[in-house]
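Student: Take this structure, written in structure tokens, and hold onto it; I'll ask about it next.
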2 protein chains.
Amino acid sequence: MGTQPMTAPLVSWHDTDTKRTILRFVASVIDESSPHYVSPAERIAVFDNDGTLWCEKPMYIQLDFILRKLAAQAESDPSLRSRQPWQAAWEKDFTWLGGAITKHYQGDDSVLQVLLGGILALSEGQAVEQVEADAKVFVENERHPTLGLTYRDCIDQPMLELLGYLEANGFINYIVSGGGRDFMRGFAHDLYGIPRERVIGSTVAYRYVEGDGGGAIVQRADLDVVNDGPDKAVQIWNMIGRRPIMAAGNSNGDLPMLAFAGGPSAPALRLLVLHDDAPREFAYIAGAEGVISAAQTHGWTIISMQRDFRQVFAFQGPSA
Amino acid sequence: MGTQPMTAPLVSWHDTDTKRTILRFVASVIDESSPHYVSPAERIAVFDNDGTLWCEKPMYIQLDFILRKLAAQAESDPSLRSRQPWQAAWEKDFTWLGGAITKHYQGDDSVLQVLLGGILALSEGQAVEQVEADAKVFVENERHPTLGLTYRDCIDQPMLELLGYLEANGFINYIVSGGGRDFMRGFAHDLYGIPRERVIGSTVAYRYVEGDGGGAIVQRADLDVVNDGPDKAVQIWNMIGRRPIMAAGNSNGDLPMLAFAGGPSAPALRLLVLHDDAPREFAYIAGAEGVISAAQTHGWTIISMQRDFRQVFAFQGPSA
């Protein structure tokens, strides 16, 4: 990820109020003579990943990664083919799978729990380094089902430029995602320039296994952190111990993180990515109704992909 | 914390094998032409706190902090004075209290559990900022019971110089302590130059409380992480995601962290602080038998306070 030349920041953004709001905010917090000046150590910016930094439709990219692993298990063991979630993975039943996520954001976790059971079973005994290596190979080689892009190119180019622009202005960028932390650590630095210690996500529990060569950290089949909703604010405090001054998200699960930014005494910029661009990406509000309403109520900055993004992806491929 | 001039690093260390081993290790990992060269991002150094960076006898400094809070509760509520751990706090029964820790390191947590019950009750509903502010006032003002020093001066000066020397050589220092994370965040930067996001410790669970001004992070009366033993390695992976190349500790609870350093492919320096200096600090091996034995077996570097430290504290006060 390169930083932007100061003469033309955010070139993939149209010259709209949204871009001007971002530029004005950054200018005010780095100006030592401004009442809104923030020291570099406190210039914490947190970004959701799925739907904020990269595409999350027709399903989470990590879900494709997991489904391929589940399908491979069903390939080896036919008895799994009539048991969820292996059945859906084996049959590529995206309706069942998409429903798990939509229902989650509507407050019903029953299908998600079944899916989670399969994910946890996959985790047991996996060395963390192997999970990361698999994730890296996956995003660099597998393709999005409709956009005609490899997954690594499904990044919102304007958001990538925003990360670079912030870094060039002394901000410290973190990913704060509901996605798997070990999965994201496999590529976060390559794709976003964000180092592994600044990747905050959901995670299974670990065990430390003694052994020659320093032992190993191995995943267990137990959830440790589900990094969504209020737990995003909690994990930010656990991992950083500072309140962000910029937060970007796109779904109801990002609402507490956006509200948490700034706090009583510091300035804050809260960015909500609105997926309203069916021709170039996707258009949907399911799972984002609450955060859109909150953004309107509180005057948070809404990023319209259609109106504010000059381009969405760096390498826009043909639609399938 | 100042960094050391390169011409005279580690001035509070005697010119022994221990100091030479440290200097040689640092020189080899920062030398790009060395086969042991380590890039700055990977120069992770982890330090236990109690007994490694500052004094832990006659009891953990944080325990004094907690006991004063428990005693204050017993002051207000006489019914607590016949109930542990309030009774021990109220009566200043250090035998009962010290036994909790000694038994813990011998594998018996029964008394520690009773103490923990009191600590958890103290935590319920506490805003994290208040805990930090109280900790800062405490270490800056209260005095060690026998050393004649305020707690903030109970830091091992040679270890403070080591932190500065490492930082000057591109290392990234972390505290990885069994002590309370919120307690340590109150003073870690002032005392050690270690920023709050690099303080890894034990912690109670939090809740995010919505509200005006961005809401608040509040402690709950549930343990989240007990950062000791194998969990130190697990928490290092959770928080950093990199294997340290230097680790320093002093008790059995540091053994897995020391073993975890370096790993199969990277160099590592493992430092064990041996408390063998009754005249200037304390002499004890209880709770360190296993790690001393491991250090001898594996050839880890043992720091003898008596032999290797020119001075222990920057402001050595009169003994009480």
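Student: Taking only Cα atoms and a 10 Å spring cutoff, compute GNM fluctuations for chain A and point out the largest among A:Gly263, A:Gly180, A:Gly193.
Tutor: Of A:Gly263, A:Gly180, A:Gly193, the most mobile in the Gaussian network model is A:Gly263.
Student: What is the helix-to-structure angle for A:17-30, meaning the angle in degrees between its Cα long axis and the longest Cα principal axis of chain A, kept from 0 to 90 and rounded to the nearest 10?
Tutor: 80
Student: Ignoring ligands, DNA and RNA and using a 1.4 Å probe, state the total buried accessible area between A and B in Å², rounded to the nearest 100.
Tutor: Using a 1.4 Å probe on protein heavy atoms, the buried area is about 2700 Å².
Student: At 1.4 Å probe size, with the rest of the protein present, what percent of the exposed accessible area of chain A is carbon and sulfur atoms? Mind dumping the intermediate values first?
Tutor: Numbers: 6550 of 12610 Å².
Solvent-exposed carbon and sulfur of chain A make up 52 percent of the total.
Student: Can you check what the Kirkwood hydrodynamic radius comes to for the protein assembly as shown, Cα pairs only, in Å to one decimal? The partial results should precede the final answer.
Tutor: Values: mean 1/r = 0.0379 Å⁻¹.
Its Kirkwood hydrodynamic radius stands at 26.4 Å.
Student: Set the bar at 24 Å for Cα to Cα. Now go through B:Lys57/B:Lys136; B:Lys19/B:Lys103; A:Lys57/A:Lys136; B:Lys103/B:Lys232; A:Lys57/A:Lys232 and name every pair that lies beyond it. Write down the numbers at each step before the final one.
Tutor: Numbers: B:Lys57/B:Lys136 20 Å; B:Lys19/B:Lys103 34 Å; A:Lys57/A:Lys136 20 Å; B:Lys103/B:Lys232 20 Å; A:Lys57/A:Lys232 22 Å.
Where the Cα-Cα span goes over 24 Å, the pairs concerned are B:Lys19/B:Lys103.
Student: Across segment B:64-77, in residue order, what do the Karplus-derived ³J(HN,Hα) couplings come to in whole Hz, using 6.51 cos²θ - 1.76 cosθ + 1.60 with θ = phi - 60° and x for Gly and Pro?
Tutor: Using θ = phi - 60°, the values come out as 4, 4, 5, 5, 5, 5, 5, 4, 5, 5, 5, 4, 7, 10 Hz.
Student: Inter-copy label distances at A:Gln87, 7 Å along the Cα→beta-carbon direction, one decimal in nm, shortest first?
Tutor: From this label point to the equivalent ones elsewhere in the assembly: 6.0 nm.
Student: For peptide B:255-261, compute the average count of partner chain beta-carbon atoms within 10 Å of each residue's beta-carbon. Present the calculation step by step, with values, prior to reporting the outcome.
Tutor: Numbers: counts 1, 4, 1, 1, 7, 6, 1.
That works out to 3 on average.
Student: Same structure again: Quick one: with label points 7 Å out along Cα→Cβ, list the inter-copy distances for A:Lys69 in nm, shortest first?
Tutor: With the label placed 7 Å along Cα→Cβ, A:Lys69 yields 3.9 nm.
Student: Report P(r) for segment A:109-183: all Cα-Cα distances, bin width 10 Å, range 0 to the bin holding the largest distance, values in whole percent.
Tutor: Using 10 Å bins, I get a P(r) of 14, 31, 38, 15, 1 for segment A:109-183.
Student: Please state, to two decimals, what the Cα-based radius of gyration of segment B:142-298 comes to when divided by 2.2 N^0.38 Å (N = residues).
Tutor: Values: Rg = 17.2 Å, N = 157, 2.2 N^0.38 = 15.0 Å.
Normalised by 2.2 N^0.38 Å, the Cα Rg of segment B:142-298 equals 1.15.
Student: Just the number, please: percent antiparallel of the DSSP beta bridges in segment A:181-280, rounded to the nearest 5.
Tutor: 60
Student: Return the percentage of antiparallel bridges among DSSP beta bridges fully within the protein assembly as shown, rounded to the nearest 5 %.
Tutor: Working: 22 of 60 bridges.
Antiparallel: roughly 35 percent of the beta bridges in the protein assembly as shown.
Student: Compute the whole-percent fraction of alpha carbon pairs in segment B:257-315 spaced more than 13 Å apart. Show your work: numbers first, answer last.
Tutor: Working: 1111 of 1711 pairs.
The proportion of pairs with Cα distances above 13 Å equals 65 percent.
Student: Now for a different question. Under a point spin-label approximation (7 Å from Cα along Cα-to-Cβ), what is the B:Thr301-B:His14 distance to one decimal in nm?
Tutor: A separation of 1.7 nm, rounded to one decimal place.
Student: I've got another one for you. Through the Karplus equation 6.51 cos²θ - 1.76 cosθ + 1.60, θ set to phi - 60°, convert the phi angles of segment A:263-276 into ³J(HN,Hα) values in whole Hz; use x for Gly and Pro.
Tutor: With coefficients 6.51, -1.76 and 1.60, one gets x, x, 10, 9, x, 8, 10, 10, 10, 10, 7, 9, 8, 10 Hz.
Student: If you count the DSSP beta bridges with both ends in chain A, what percent of them are antiparallel, to the nearest 5?
Tutor: Values: 11 of 30 bridges.
Expressed as a percentage, antiparallel bridges in chain A total about 35.
Student: Nearest 0.05, what FRET efficiency do A:Gln311 and A:Arg143 give at R0 = 22 Å with Cβ-Cβ as r? Please report the intermediate quantities before stating the final value.
Tutor: Working: r = 19 Å, r/R0 = 0.89.
After rounding to 0.05, the efficiency reads 0.70.
Student: Check which residues have an amide H placed less than 5 Å from B:Ile302's amide H, if you skip close sequence neighbours.
Tutor: Long-range HN contacts for B:Ile302: B:Leu272.
Student: Let me know the Rg and Dmax you get for segment B:32-149 when you use only its Cα atoms, in Å.
Tutor: Using the Cα atoms of segment B:32-149, the pair Rg, Dmax is 18.5, 68 Å.
Student: Between A:Gly178 and residues 5 or more places away or on another chain, which pairs have amide H atoms under 5 Å apart, with H built 1.01 Å from N, and which residues are they?
Tutor: Here the answer is A:Asn49, A:Asp50, since their amide H atoms fall under 5 Å of that of A:Gly178.
Student: Now, a different point. Taking each residue of A:14-21 in turn, how many C-beta atoms of other protein chains fall within 10 Å of its C-beta, and what is the average? Could the numbers behind the result be given before it?
Tutor: Details: counts 0, 0, 0, 0, 0, 0, 0, 0.
Mean number of neighbouring Cβ atoms from other chains: 0.
Student: Rounded to the nearest 10 degrees, what's the angle between the helix B:157-168 long axis and the longest principal axis of chain B, both from Cα atoms, 0 to 90?
Tutor: Approximately 60 degrees, to the nearest 10.
Student: Right, another one. Around A:Asp254, under 11 Å between beta carbons, what's the net of Lys plus Arg minus Asp minus Glu among the other residues?
Tutor: Details: positive: A:Lys232, A:Arg270; negative: A:Asp48, A:Asp50, A:Asp228.
Result for the neighbourhood of A:Asp254: -1.
Student: Could you grab the Rg to Rh ratio for chain B? Cα atoms only, Kirkwood for Rh.
Tutor: Rg/Rh: 0.97.
Student: For A:Pro145, place a label point 7 Å out from Cα along the Cα→Cβ vector, do the same in each other copy, and report the separations in nm, one decimal, smallest first.
Tutor: Relative to the other copies, A:Pro145 has label-point distances of 6.6 nm.
Student: Continuing with this model, one more query. Over segment B:171-250, with a single point scatterer placed on each C-alpha, what log10 of the ratio I(q)/I(0) does the Debye formula yield at q = 0.15, 0.16, 0.18 1/Å?
Tutor: With one equal scatterer per Cα and no solvent, log10 I(q)/I(0) is -0.59, -0.66, -0.81.
Student: So what's the projected area for segment A:1-74, the Cα convex hull averaged over all directions, in nm²? Mind showing how you got there, number by number?
Tutor: Numbers: hull surface 32.4 nm².
The Cα convex hull of segment A:1-74, projected and averaged over all directions, gives 8.1 nm².
Student: Between the alpha-carbon centers of segment B:233-298 and segment B:183-222, tell me the distance in whole angstrom.
Tutor: The distance from the Cα centre of segment B:233-298 to that of segment B:183-222 comes to 25 Å.
Student: Below 18 Å, Cα to Cα, which aspartates and glutamates can B:Lys92 reach? Residues fewer than 8 away in the same chain don't count.
Tutor: B:Lys92 reaches B:Glu56, B:Asp64, B:Glu75, B:Asp77, B:Glu142.
Student: In addition: With a cut-off of 18 Å, note down the residues of segment B:275-289 whose backbone N falls inside the zone around a label point 7 Å from the Cα of B:Thr102 toward its beta carbon.
Tutor: Backbone N within reach: B:275-278, B:282-289.
Student: So if each residue of separation counts as 0.36 nm, and I subtract the Cα-Cα distance between B:Ile285 and B:Ser265, what length gain in nm does that give? Can you show the working numbers first?
Tutor: On the way: separation 20, 0.36 × 20 = 7.20 nm, distance 3.20 nm.
Additional length available on full extension: 4.0 nm.
Student: Which FRET efficiency value, to the nearest 0.05, is calculated for B:Thr95 and B:Lys69 with the Förster distance at 25 angstrom and r the Cβ-Cβ distance? Walk me through the numbers before you get to the answer.
Tutor: Working: r = 20 Å, r/R0 = 0.81.
Efficiency, rounded to the nearest 0.05: 0.80.
Student: Based on the Cβ-Cβ distance of B:Arg83 and B:Arg220, what FRET efficiency does E = 1/(1 + (r/R0)^6) give at R0 = 25 Å, to the nearest 0.05?
Tutor: Working: r = 22 Å, r/R0 = 0.87.
Efficiency for this residue pair is about 0.70.
Student: In terms of modelled amide H atoms, which long-range or inter-chain residues lie less than 5 Å from the amide H of A:Asn227?
Tutor: Hits under the 5 Å cutoff: A:Ser202, A:Thr203.
Student: Can you work out ³J(HN,Hα) from phi for every residue in segment A:215-228, in order, using Karplus 6.51 cos²θ - 1.76 cosθ + 1.60 and θ = phi - 60°, giving whole Hz and x for Gly and Pro?
Tutor: Taking θ as phi minus 60°, the curve returns x, 9, 9, 10, 6, 10, 7, 10, 5, 9, 10, 9, 8, 8 Hz for segment A:215-228.
Student: Another question about this same structure. Compare A:Glu56, A:Glu32, A:Glu289 in a GNM of chain A, Cα atoms joined below 10 Å, and give the one with the largest fluctuation.
Tutor: Of the options given, A:Glu32 has the highest mean-square fluctuation.
The values are calculated or read from the model by the stated rules, or taken from the named source; none is laboratory data. These numbers come from a predicted model, not from an experiment. Cβ coordinates were reconstructed from backbone atoms using ideal geometry, including for glycine residues, and neighbour counts include every protein chain displayed. Heads up: the accessible areas ignore ligands, DNA and RNA and are worked out on the full protein's heavy atoms, side chains in. Shrake-Rupley method; radii C 1.70, N 1.55, O 1.52, S 1.80 Å.
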